[in-house]
Amino acid sequence: MSESKGIAYIQGRYMPVDEATIPLLDPAFTKSDVVFDVVSAWDGAFFKLAEHLARFRRSCEYIRVRPPCSDDEMCRIMAECATRSGFDHSCVYILCTRGSYAGGAATGDPRKSENKFIAYAVPYYWIVPKERLNSGAHLWIADTRRAPDAAINQRVKNFNRMDLTRAQFEALDAGADAPVLLSTDGFITEGPGFNVWIIQDGKVRTPGDNLLEGITRQCVFELCAEAGLQAEAADLTAADLQNADEVFISSTGGGVIAVTLVNDKPIGNGAPGITTGKISDNYWKKRAEGWEATPLADLLEPEMPQAAGAD
Ligand code: PLP
C-alpha cells in the first residue's frame, strides 16, 4: 500500500487527499472565494482548537459564507481526517468555499451560492526548512508589498496570496528561506504562513497591522507574560528588523523559530537568540504537557457497542 499523504473530507465523503478535487466552476477556484484555517494535531491532540474555530468563524462571517455544519460536526470531521491519516503529527485544514452559483453557472449572485465545508489532514510541516530550527532562518525583506487591509482584510485567513507568492519568489531567488513583506506604508507586516517578532533591549515586539493575528502569535504573548517579558504590538521598520538583538517568527507550522539573517545582515552575533530559544523551548514544553490540547479521541463518534451475538 502506498504511504498516506493525508485524508480529506469533501462532498460528505472521506478520501485520500490526492484524490480530493473541487469543481472547476467553484468560485473558490475561479475567484479565491474561500476562507480557511489550519490547526495542528500533535500526538493525538489538537492545539488551541477553540481559538482556531473562533478565527475560522470570524473569517466566514467576513466573506459571508456559512459552513453547512455545526462546530461539533466540524470538530468531529477534523478529528476523523487526522485519525484516518495515521500521522503522529499533522496539520488539519478547514475551508469554507462559496460553492457553486445557482444552476452551476460560472458567474452569479454570491448570496445565492451553496457554501461548502472541506477539511483535510496532511503531515505536520515546518514553515522554513527543518534544518533551520537549529541554525536559524534567513528572511528576505521583499520589494513586493502586502495587500493593504482596506483591500483584503488580512485578519481574515484567505487564499488571495499573489503578494505572498511573488515575495516568496524574491526570497528564494535571493537564496533566503522566506520573505517578509512591508505594508504600503513601509512597515513590517508578516510572511507567508508566519508572524514576525523582534527583541530589542529586552522588549519583545511584533507588528500589529495588516496581518493575520496568528494563534501562535497569541501564544507568544502568553509565554512572554508568564516569563515576565514585556511584549507589545508596534510599528516596525525594515531597519528595526535588521538591527534587532534577536528576531524570530511564529507559526502553527513550527512554533517559534529563530531568524539569524535578514537580507545580508546577520542578526545579533549571527546565532539564534537566547531569549528566542527560551520562548521556543517553553512553547514545546507546554505543548508536551498538554497545553490547550483537545484529544482527537474525545471528538470522534463513539463506537457503537456490538450487540450480543453479532459477528
Ligand atoms: N500570517 C499568515 C499570512 C499565515 O498564513 C499564518 C498561518 O498560516 C500566520 C501568519 C501564522 O498564524 P498561526 O500562528 O495561526 O499559524
Tell me which residues, restricted to segment 32-77, are in a strand (DSSP E or B), more than 13 Å from Arg155 (Cα to Cα) and within 12 Å of the ligand (Cβ to nearest atom).
Val38, Val39, Ser40, Phe47
Within segment 133-147, of all residues that are of a type outside the set (D, E, K, R) and within 14 Å of the ligand (Cβ to nearest atom), the one surrounded by the fewest Cβ atoms within 10 Å (Cβ to Cβ) is Thr144
Filtered residues of segment 101-125 (kept if surrounded by 22 or more Cβ atoms within 10 Å (Cβ to Cβ) and over 19 Å from the mean Cα position of the chain (by Cα))
Lys116
The correct count of residues that are more than 12 Å from Val247 (Cα to Cα), crowded, with 24+ Cβ neighbours inside 10 Å and either touching a Cys at 6+ places or on another chain (Cβ under 6 Å) or not β-branched (Val, Ile, Thr) (or both) in segment 175-210 is 8
Return only the number of the condition from (1) in a loop (DSSP other than H, G, I, E, B); (2) in contact with a Phe, Trp or Tyr (Cβ under 8 Å, 6 or more places away or on another chain); (3) farther than 18 Å from Pro27 by Cβ; (4) not hydroxyl-bearing (Ser, Thr, Tyr) that Asp149 does not satisfy.
(2)
Exactly one of Glu246, Glu222, Glu213 is open to solvent by 50 Å² or more (accessible area, probe 1.4 Å) and more than 9 Å from the ligand (Cβ to nearest atom), and that one is Glu222
Looking at (1) out of contact with any Cys (no Cβ under 9 Å at 6 or more places or on another chain); (2) surrounded by fewer than 20 Cβ atoms within 10 Å (Cβ to Cβ), which is the only condition Lys286 fails?
(1)
Run down Ser40, Ser59 and say which single residue is touching a His at 6+ places or on another chain (Cβ under 9 Å) and either open to solvent by less than 10 Å² (accessible area, probe 1.4 Å) or of a type outside the set (A, V, I, L, M, F, W, C) (or both).
Ser40
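The values are calculated or read from the model by the stated rules, or taken from the named source; none is laboratory data. Values in this document were obtained by computation on a predicted structure and should not be read as measured data. All Cβ positions, glycine included, derive from the backbone under ideal geometry; neighbour counts span all protein chains shown. Note: areas computed on protein heavy atoms with side chains; ligands, DNA, RNA excluded. Shrake-Rupley method; radii C 1.70, N 1.55, O 1.52, S 1.80 Å.
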